[in-house]
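Reading through the structure tokens given below for one structure.
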Amino acid sequence: MTSPVYYVDGRFVPADQATLPLGDLAIMRGYGIFDFLRTYRRVPFKLREHVLRLYSSAEQIGLAMPWSVGEVEAIVHETNDRNGYDDAAIRIVVTGGPSPDLMMPGQQPRLAVMAEPISTPPERQYAQGVGVTTTRMARILPTVKSLNYLGAILAVVEARKIGAVEAIYRTPDDHVTEGTRSNLFIFRGGKLLTPESGILPGITRQVVLEVAAREYPVVLTDLTYADLLGADEVFITSTTKEIVPVVKVDGQVVGGGRPGECTQDLMERFKAYVDRCLTEAVA
């Protein structure tokens, strides 16, 4: 299989030749940001929204962004074109760059764009639903898509030990916010509820809110652990997962133990939305 082509700091190189200096703050201190999107039939989905979120992350941590939005989008398009995958996962990374003392950020961040064939969950997860765990963990700047995923990695490792696919953050006062790599939704009494604050504003989440509002009352609100366990239906969303039903939380059955009708309806509505976007993109 041909090696993917990456863009790294001004050059397009084979993935196995892509490197960063060891002194980059992304490597030394985990200081950097990223965003992650996908293509459908070679068309980047919601590229502008992902790039704007990247800039929001940069602003929140004081990371310089010397490239314009249009320049970043152009690099993403060229990276995508050079690889030619029908359905690709594209990661945009901005590193902290060099630092005189390996601590203080400078003004020379590095930009990388990586493209790979997308990996999506197996079909049985959509048909049968999945299990998730909850994790109590202090979080820093949840609205920033940071390179620092130490806590998330530890949480997912523990989740996988019991066969769960994701870990949901749970606060000291027993509220649930989002997953390590997903947003969280529940249906209760015919209403769609999802946390409003303390989360990363997911692009897939926003699409779901848009398509759901045409059919269901939507409520942005705090959710407790009890809300989660007592929900009629539960699902998570992300770029690669799209919408995945949840049927177990911490080993306890939720929503009757099977994907709910409203969740399945939203799954179909999401696919129809993507199809419309692709039709408009090639028109």
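Summary of computed values
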| quantity | calculated |
| --- | --- |
| Among beta bridges that DSSP assigns inside region 93-206, antiparallel share in %, nearest 5 | 65 percent |
| Inter-label distance, nm, simple model (7 Å from Cα along the C-beta direction), Val69/Ser56 | 1.2 nm |
| Cα pair distances in the chain, grouped into 5 Å bins until the bin that holds the longest one, percent each | 1, 5, 12, 15, 17, 16, 14, 10, 6, 3, 0, 0 |
| Residues of the chain: accessible area per residue with a 1.4 Å probe, Å² | 48 Å² |
| P(r), alpha carbons of region 64-161 - 5 Å bins starting at zero, rounded % | 2, 9, 12, 14, 17, 17, 14, 10, 3, 1, 0 |
| Residue-count net charge about Tyr85 - beta-carbon cut-off 9 Å; Lys, Arg +1, Asp, Glu -1 | -2 |
| Peptides ranked, highest mean first, by Cβ atoms within 10 Å: ranges 77-84, 233-240 | 233-240, 77-84 |
| Rh by Kirkwood over Cα pairs, then Stokes-Einstein D for region 5-149 at 0.692 mPa s and 37 °C, µm²/s | 199 µm²/s |
| Share of carbon and sulfur in the accessible heavy-atom surface of the chain [1.4 Å probe, %] | 52 percent |
| Environment charge at Trp67 (Cβ cut-off 12 Å; Lys +1, Arg +1, Asp -1, Glu -1) | -2 |
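The values are calculated or read from the model by the stated rules, or taken from the named source; none is laboratory data. Keep in mind the model is a prediction, meaning the values are calculated, not measured. For neighbour counting, all protein chains shown are included, and Cβ atoms are generated from backbone atoms with ideal geometry for every residue, glycine included. What goes into the accessible areas is simple: the full protein's heavy atoms, side chains included, and nothing from ligands, DNA or RNA. Shrake-Rupley method; radii C 1.70, N 1.55, O 1.52, S 1.80 Å.
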